[in-house]
Structure formats: structure tokens, C-alpha cells
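The values are calculated or read from the model by the stated rules, or taken from the named source; none is laboratory data. Only a predicted model underlies this, so the values are computations on that prediction, with no experimental measurement involved. All Cβ positions, even for glycine, are placed from backbone atoms using ideal geometry, and neighbour counts span all protein chains on display.
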Amino acid sequence: MSDKTMSAEEVVGRLESGMTIGIGGWGARRKPMALVRALIRSGITDLTVVSYGGPDVGMLAAAGRIRKLVAAFATLDSVPLEPHYRSARESGALELMEIDEAMFMWGLHAAANRLSFIPVRAGLGSDVMRVNPALRTVTSPYEDASTGLRETFVAMPALRMDAALVHVNRADRFGNGQYLGPDPYFDDLFCEAADTAYVSCERIVDTAELTKEAAPQTLLIKRHSVTGVVEAPSGAHFTSCAPDYDRDEGFQRLYATTPWPEFAERFLHGGEKDYQSAVQAWHTGNEPDTSDTSAASDKERR
């Protein structure tokens, strides 16, 4: 077995403009934000992003890196609609394929199984078909045993990706990834549906330790589907990574209420260590607290 450890910069060095990139996690939960920040620091652009969207989508959209987005939503959870995504969408800065959450999941399943599509009921009778005129339906070749009819389904196309980026709690250096929180989301499907997959984690441990901390069922991601492993403590910040840490709600409010150029200049001007230091400085009061949206605070920021 080969050692797959690498840095976030090495991961981004393997990506190219024009790729289709899948990003794991869900909304503002366990997003691979350290990898997303590294992607923003690069010159990579013209991306098709596949995501149950959160601040990963918002940041990449605000930075002008997304050409097309495939998503069921883009939310910060406690903030219902991701504000930077909303601005990009309202300005027509990106193309959108908006689909039902279940359709998204089955698209991942189709890609993971190297199928061109999967027939699903989700989407029938909804505006999903209207806003996605390229979607097709398919009639079952088999008659239903109870009705004698042949049912019509949505032919959900496979969500194939050039690369997937996910974040988990623990991983070993060979690519086995473990989640310790309440929900696995669909990170394993992202990895299996992509040509290459990069897993960041809070801590790299020996393989034997993966089953000491939690049950074997938590070994969500298998090494055969992983290309690289990045140790990135607090790498999901400011999203949650339970049980290691909760979502940083105060910092998320700051992100949601700060104009993108100002936020990027203040927190994304350097590498990941610079980002973490800037966040810590903000929390300790060594930097002005711009999360205050009062008129006085607005005046101070100007």
C-alpha cells in the first residue's frame, strides 16, 4: 500500500481549469474548506461544481471560479440562502442545474456504478423538469405486476466528476477515511463517482487506531477510491465537523454580512496558516469585530 499523504497545495496542483469538481459535506456541515481555500488561492477557474452547496459554493462563486453549478441547494443552515451564491445567481454569473436532493443522490450512485443514468421517480410532476429542459424521461421495459402498466421515470444522468474533495474526522495515510459525527452525508459516493478523490481530515492516524475510536461502520471511505490524503486541523472551518467542533456561527455571520472583496482581503490573503491566525485574531479581539451589523459598525468598516 502506498502512502497518499500530500499538502492542500499539491492537491490543487493536480487540478485544472475547466474540470468538474465534486465537493462533499452538506450545507454548512463538514465541508473541505481548507481545500476550497487552496483552490481559491490558485488560478484555477471555469469549473463545474457538484455540491450539496454551502460556503464552498458561495466562496468559489464570489471568487468567479464557477462556470456551472449542479446543486440541490446552497445554504449556510442557520442562514437559509448562501448570500454570495445568491449574488452570483442574481447577476447571472453562473449556469445552474438545480435538482431535487434525491435526484442528486441517485446521480452520484449512477456515476459511482459507472452507469449513464438511473431511473428515478423524484422530479416527476415538479418544476425540476421545466427548469432543466435537458432532462429526459424513460419508460420501463417491464409491466408493473399490479397495474399491468409500464411506468415512466426521470432518467437522472450520472454526476461524473474529474475530482472530488471531501473532509472527514480521521484518515490513515493510505486513504481510509472515518467520520465520527451523526451523519455520513454522501462523501463516499463523491469519492467513488470521481476519477480522482482527495480527502482532508482533522488528523491522520495509524490504520489500527481507526477502529479504536469508533465502530468499523464509521470507516466511510475506502482507500481504493482515494488519490490523496491531507491532514488539515480545523480544515472544515467555519462549517461544523462534529464531534471535533461545531459550526463557528459568529464567524459565519461575519462571512455572510461582509462584502466579498473585504472578506477575501482580510482572511484569504495568505495560506491556510494565515487564515487560521486571522480567524483566531478576530475571535480574541485583536482585529475589529465586523460581525456587528449596526450603523456604527458599518460606518467603522467604511
Scan of the stretch 261-283 for residues that are loosely packed, with under 13 Cβ neighbours inside 10 Å and either assigned to a loop (DSSP other than H, G, I, E, B) or at pLDDT below 95 (or both), ordered by number: HIS269, GLY270
Qualifying residue in the stretch 111-131 (condition: buried (at least 23 other Cβ atoms within 10 Å of the Cβ) and closer than 30 Å to ALA232 by Cα): yes
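Within the stretch 170-206, can you find the residues that are polar (S, T, N, Q) and either farther than 17 Å from THR5 by Cα or in contact (Cβ under 8 Å) with a residue 60 or more places away in the chain (or both)?
Step one: filter the stretch 170-206 for residues polar (S, T, N, Q), giving 176, 178, 196, 200.
Scanning the stretch 170-206 gives THR196, SER200.
Sort through GLU209, GLU213 and tell me the only one that's under 16 Å from THR5 (Cβ atoms), surrounded by fewer than 24 Cβ atoms within 10 Å (Cβ to Cβ), more than 17 Å from the chain's Cα centre (by Cα) and not hydrophobic (A, V, I, L, M, F, W, C). Can you show your working first?
Numbers: GLU213 fails: under 16 Å from THR5 (Cβ atoms).
One residue alone meets the criteria, GLU209.
Would it be correct to say that LEU254 is modelled with pLDDT under 95 and either under 21 Å from ALA34 (Cα atoms) or touching a Gly at 6+ places or on another chain (Cβ under 9 Å) (or both)?
On the way: modelled with pLDDT under 95: no; either under 21 Å from ALA34 (Cα atoms) or touching a Gly at 6+ places or on another chain (Cβ under 9 Å) (or both): yes.
The answer is no for LEU254.
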Those residues that are in a strand (DSSP E or B) and touching a residue at least 24 places away in the same chain (Cβ under 8 Å), I need them from the stretch 231-246; list them, please. GLU231, SER240, CYS241
Which residue, of ARG130, ARG150, is basic (Lys, Arg) and not in a loop (DSSP other than H, G, I, E, B)? ARG130
Tally the residues that are buried (at least 23 other Cβ atoms within 10 Å of the Cβ) and not in a loop (DSSP other than H, G, I, E, B), restricting the search to the stretch 13-25. 3
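Taking GLY177, is it on the phi < 0 side of the Ramachandran plot, surrounded by fewer than 18 Cβ atoms within 10 Å (Cβ to Cβ), among the small types (Gly, Ala, Ser) and in the same structural domain as GLY24 (by TED's automatic domain parsing)? Step through it out loud before you land on a result.
Details: on the phi < 0 side of the Ramachandran plot: yes; surrounded by fewer than 18 Cβ atoms within 10 Å (Cβ to Cβ): no; among the small types (Gly, Ala, Ser): yes; in the same structural domain as GLY24 (by TED's automatic domain parsing): yes.
No: the conditions fail for GLY177.
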When restricted to SER87, SER51, the only residue of a type outside the set (Phe, Trp, Tyr) and surrounded by fewer than 21 Cβ atoms within 10 Å (Cβ to Cβ) is SER87
